[in-house]
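Structure record follows, encoded as structure tokens.
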2 protein chains.
Amino acid sequence: VARLTVIGSGMMGSALCVPLADRGHDVRLVGTPLDVEIVRSLQSTGRHPRLDLALPPSVRCAPVEALGDAAADADAFILGVSSAGVHWAAEALAPWLVERPRPVLLLSKGLELAPAGVRVLSDVFADDVARGTAGRGGPCEPVAVCGPCIAGELARRVPTLVVFSGRDVDAARLFAGWLETDYYHPRLSSDVVGVQVCAALKNAYAMGVGIGAGLHARHAEAAGAAPTGLGAEALTDVPVRPGSVAMHNYEAAVFARAVVEMVSIVSALGGTPATAWGLAGAGDLNVTCNGGRTGRFGALLGRGYGAREARQLMAGATLECLEVLDVLERSLDARQLGALTRRDLPLLARLIDLGLHDARREVQLAELFTE
Amino acid sequence: VARLTVIGSGMMGSALCVPLADRGHDVRLVGTPLDVEIVRSLQSTGRHPRLDLALPPSVRCAPVEALGDAAADADAFILGVSSAGVHWAAEALAPWLVERPRPVLLLSKGLELAPAGVRVLSDVFADDVARGTAGRGGPCEPVAVCGPCIAGELARRVPTLVVFSGRDVDAARLFAGWLETDYYHPRLSSDVVGVQVCAALKNAYAMGVGIGAGLHARHAEAAGAAPTGLGAEALTDVPVRPGSVAMHNYEAAVFARAVVEMVSIVSALGGTPATAWGLAGAGDLNVTCNGGRTGRFGALLGRGYGAREARQLMAGATLECLEVLDVLERSLDARQLGALTRRDLPLLARLIDLGLHDARREVQLAELFTE
């Protein structure tokens, strides 16, 4: 058993505490400055308000002020912060990594565009730590967790198969050994870039698949069905005819095109093409199409709302899909996706128009496979 | 406009009459000997009982006895028969193809194992016709339709993107030109073997993904939820928690493994690997996981029924997934999947055990990605 400090008590960081606790580790869950209310709930009732369940009683939860205590004697760190929070976490952990180098597991997903090109978050974190420690303590190469994993399911011990990947293979093996249970199965990949590129891309493409549910709702209403609400639960809760007649043909064509474009982008960024049709690519895209914020945003676009209105209707929600689309658009403009242009990526180009530029026409299937 | 004779008035053959009629073609829909009741309904009320809608009034429907009249002056044939019906159709059409060679579009999906190896249905049909005509009239190379297409959606003009592929490229172009509408978009592929192998495999693998819904229902009931019925509609209608918490992580891992194994099998049979992660592979698998008989059968297995009980509960339903699994099992035993063995295809091996040999354990994720 190990002393493990999880930083970030959002859905995913907290869910990962379940297999850690089941394996008997000494788990400390430390909130970020954004997690004040979650920490208060966990400390007073033991329940996680967003996961809607009680974490195992052995998990000790603390606010961000206790980070020092929880970091000092930790054997390793697990980061469950947002993609933007990765910089904060690198700064916060740098002093502790100087004192004693320790492995880091990164649950965050996203991409950044640096002057030298597109960077995956494990490299962003490693760079930040190197700057923060001025090289003292040696390099810190975190291990990224990718692949299909809905946090609420992991927290309920639903069987889950994920991918661990990092430039420090021993660290990846160490975390996999600490976390393997009879329901949580980490598998190692050497494609550090590819798995993380897929983890980011799937959000953008799941938005595209989500458009289908919105189109279906719009057509059903036009044909006389009772209007579907716009609330979080109602949005993807559109009526489906017996025989599963909805807009599934449309969704499947978008899904297939998404995998094809993920293969191109992973290759262009130096990853392994096969990653894009495996667990981290097609698998994670599949799970992300089962509801969630990204799908709801896509559904609003499919119903005919522009991106601005759709964002207003989802007030307050972080839309990872738009963050990823923004990086991809700037990367295309800066010619940082290898030789790929908008012409090679017709689905992505349309999603950029819809998500970032308030275009009002849905994805037209005839554009997607032109050959 | 063309004179087109559709043979087989099941769901898919009848659905294809919709874009044909919208394009103004002269469409004759001829039932097979199995379609007596459908033809009676179409002739008396204009409604298709299984699609639950009226076909366009310009489509003329006739029983199998009228095949001669409908064949004599047809410009081309479209076969909407079951995979087993392909042999019957080749025999029935041979005299007309001797008289005047005409292009054939094949909606049937499946694989056969011949002494020389695994055969796709377009080649099976071509062989049968060559035997039936003794070479008179020249070769008949049908065009196969693959890719994601739920018939009930096509019949309702839901946007649909499919793949046409045949050894006679001019025939494929001809059919695509006749069928393209603003909602039905055929795309050409030169991978005649790969697209049809995927069209067959997706049924077997969708059974595997369907197990997840059954597992979820079983666990939900064990946790105190109201029992879900076993009827056709209720089976996949299991309660899902807010936050889309069900068995999606499990389903996504099975889905990803399915695509990986489809890539291997397509390659082993001489197809193009990319077909397996495009429209005909990942796309068709995606759409097939949206309910249907295959998914319901998988869900019954996930609930703990053995294959024999599950088949009884679905009395009368044709289970394409079991036909395909049977061909694949025999192909593995005869070493006709290239160098692939059960060890290379752990998901397929498990699905063969579950579907054909009444095994009682569900797919264990830890078996799927072993590296």
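Peptide A:357-369 shows a mean partner chain C-beta count of 3 within 10 Å per residue C-beta. The helix-only estimate of mean residue ellipticity at 222 nm for the protein assembly as shown, built from DSSP H runs of length n ≥ 4 each weighted as -39500 (n - 2.57), is -14500 deg cm²/dmol after division by the residue total.
Please work out the average accessible area per residue across segment B:309-371, using the 1.4 Å probe convention, and give it in Å².
On the way: 3160 Å² over 63 residues.
Accessible area per residue, segment B:309-371: 50 Å².
Would you mind getting the accessible area per residue of segment A:141-219, heavy atoms of the protein chains only, 1.4 Å probe, in Å²? Can you show the working numbers first?
Numbers: 1940 Å² over 79 residues.
Heavy-atom accessible area per residue stands at 25 Å².
Gyration tensor over the Cα atoms of chain B: the corresponding equivalent ellipsoid has semi-axes (square roots of 5 times the eigenvalues, largest first) of 35, 24, 18 Å.
To the nearest 20 Debye, how big is the dipole of segment B:238-321 about its Cα centre, given +1 on the beta carbon of each Lys and Arg and -1 on that of each Asp and Glu?
Result for segment B:238-321 is approximately 300 debye, rounded to the nearest 20.
Here the protein assembly as shown has 52 percent of its accessible surface on carbon and sulfur atoms, given a 1.4 Å probe and all protein chains in place. Across all C-alpha atoms in segment A:59-124, the radius of gyration and Dmax reach 13.0, 41 Å. Shown for B:Thr341: label points 7 Å from Cα along the beta-carbon vector, and their distances to the equivalent points in the other copies, 5.0 nm in ascending order. Summarised as an ellipsoid, the protein assembly as shown has semi-axes of 48, 25, 25 Å, derived from the eigenvalues of the Cα gyration tensor scaled by 5 and square-rooted, with the largest first. Of the residues A:Ser122, A:Gly10, A:Asn203, the one whose Cα sits farthest towards the positive end of the charge dipole of chain A is A:Asn203 (charges of +1 on Lys and Arg Cβ, -1 on Asp and Glu Cβ, taken about the Cα centre). Taking the Cα centre of the protein assembly as shown as origin and assigning +1 to Lys and Arg Cβ atoms and -1 to Asp and Glu Cβ atoms, the resulting dipole is close to 520 debye.
The dipole here belongs to segment B:77-170: it is taken about the Cα centre, uses +1 on the Cβ of Lys and Arg and -1 on the Cβ of Asp and Glu, and is about 200 debye. When A:Pro49 is represented by a point 7 angstrom out along its Cα-to-C-beta vector, the spacings to that point in the other copies are 5.7 nm, nearest first.
Let me make sure I get this right: for segment A:156-226, a, b and c are the square roots of the gyration tensor eigenvalues over alpha carbons, sorted descending. Under 1.5 in a/c it's rounded, otherwise prolate if a/b > b/c, else oblate. Which is it? Oblate shape, in that a/c is at least 1.5 and b/c is the bigger or equal ratio. Starting from the label point of A:Ala114 at 7 Å along Cα→Cβ, the same points in the other copies fall at 5.7 nm, in ascending order. The alpha-carbon positions of segment A:116-156 define a convex hull whose volume is 104 Å³ per residue.
Based on the convex hull around the alpha carbon atoms, segment A:10-109 presents an average projected area of 6.0 nm². Total buried accessible area between B and A, probe 1.4 Å, nearest 100: 3900 Å².
With one equal scatterer per alpha carbon and no solvent term, the Debye-computed log10 I(q)/I(0) for segment A:3-63 at 0.29 1/Å reads -1.35.
If you wrap the tightest convex hull around every Cα atom of segment B:300-371 and split its volume per residue, you get 83 Å³. If I build a Gaussian network model for chain A, linking alpha-carbon pairs within less than 10 angstrom, which residue out of A:Gln43, A:Gln336, A:Gln312 has the largest mean-square fluctuation? Maximum among the listed residues: A:Gln312.
Treating only the Cα positions of segment A:247-371 as identical point scatterers, give the base-10 log of I(q)/I(0) from the Debye formula at each q in 0.11, 0.14, 0.20 Å⁻¹. Debye curve over Cα of segment A:247-371, log10 I(q)/I(0) at q = 0.11, 0.14, 0.20 Å⁻¹: -0.37, -0.62, -1.33. Summarised in one figure, the compactness ratio Rg/Rh of segment A:102-228, Cα atoms and Kirkwood Rh, is 1.13. Take every Cα pair under 8 Å whose residues are at least 6 apart in sequence, average their separation, divide by the length of segment B:1-134, and the relative contact order is 25 percent.
Note on surface exposure: B:Leu356, A:Leu347 rank B:Leu356, A:Leu347 by accessible area, highest first, 1.4 Å probe. Solvent exposure of A:Thr32, expressed as accessible area, is near 20 Å², computed with a probe of 1.4 Å over the protein chains only.
At a threshold of 20 Å², the residues of segment B:123-165 that become less accessible to a 1.4 Å probe in the full protein assembly than in their chain on its own are B:Pro148, B:Ile150, B:Glu153, B:Arg156, B:Val158, B:Pro159, B:Leu161. Show me, bin by bin at 10 Å from 0, the whole-percent P(r) of segment B:259-331 based on Cα pairs. Calculated over all Cα pairs of segment B:259-331, the distribution is 18, 41, 32, 9 percent. Each residue of segment B:162-171 was assigned a 3J(HN,Hα) from its phi angle through the Karplus curve 6.51 cos²θ - 1.76 cosθ + 1.60 (θ = phi - 60°); the sequence is 10, 10, 9, 8, x, 6, 9, 5, 5, 5 Hz, with glycine and proline shown as x.
Applying the criteria of a DSSP loop state and at most 14 other Cβ atoms within 10 Å to the trypsin sites (Lys or Arg not before Pro) of segment B:291-371 yields B:Arg335, B:Arg360, B:Arg361.
Based on the Stokes-Einstein relation at 25 °C and a viscosity of 0.890 mPa s, and on the Kirkwood radius from alpha carbon pairs, segment B:49-89 is assigned a translational diffusion coefficient of 197 µm²/s.
Accessible area of B:Glu329 (1.4 Å probe, protein heavy atoms only, ligands and nucleic acids ignored): about 30 Å².
When segment A:233-371 is described by a simple charge dipole with +1 on each Lys and Arg Cβ and -1 on each Asp and Glu Cβ, the residue from A:Val266, A:Ala299, A:Leu332 located farthest towards its positive end is A:Ala299.
The residue of chain B whose Cβ sits closest to the rotation axis that maps B onto A, together with that distance in whole Å, is B:Trp277, 2.
Inter-chain Cβ neighbour count for A:287-296, averaged per residue, equals 4 (cutoff 10 Å, partner chain atoms only).
The values are calculated or read from the model by the stated rules, or taken from the named source; none is laboratory data. All of these numbers come straight from a predicted model, not from anything done at the bench. Note: ideal-geometry Cβ built from the backbone for every residue, glycine included; neighbour counts use all protein chains shown. Ligands, DNA and RNA are stripped out before the accessible areas are found, and what is left, the full protein with its side chains, is counted by its heavy atoms. Shrake-Rupley method; radii C 1.70, N 1.55, O 1.52, S 1.80 Å.
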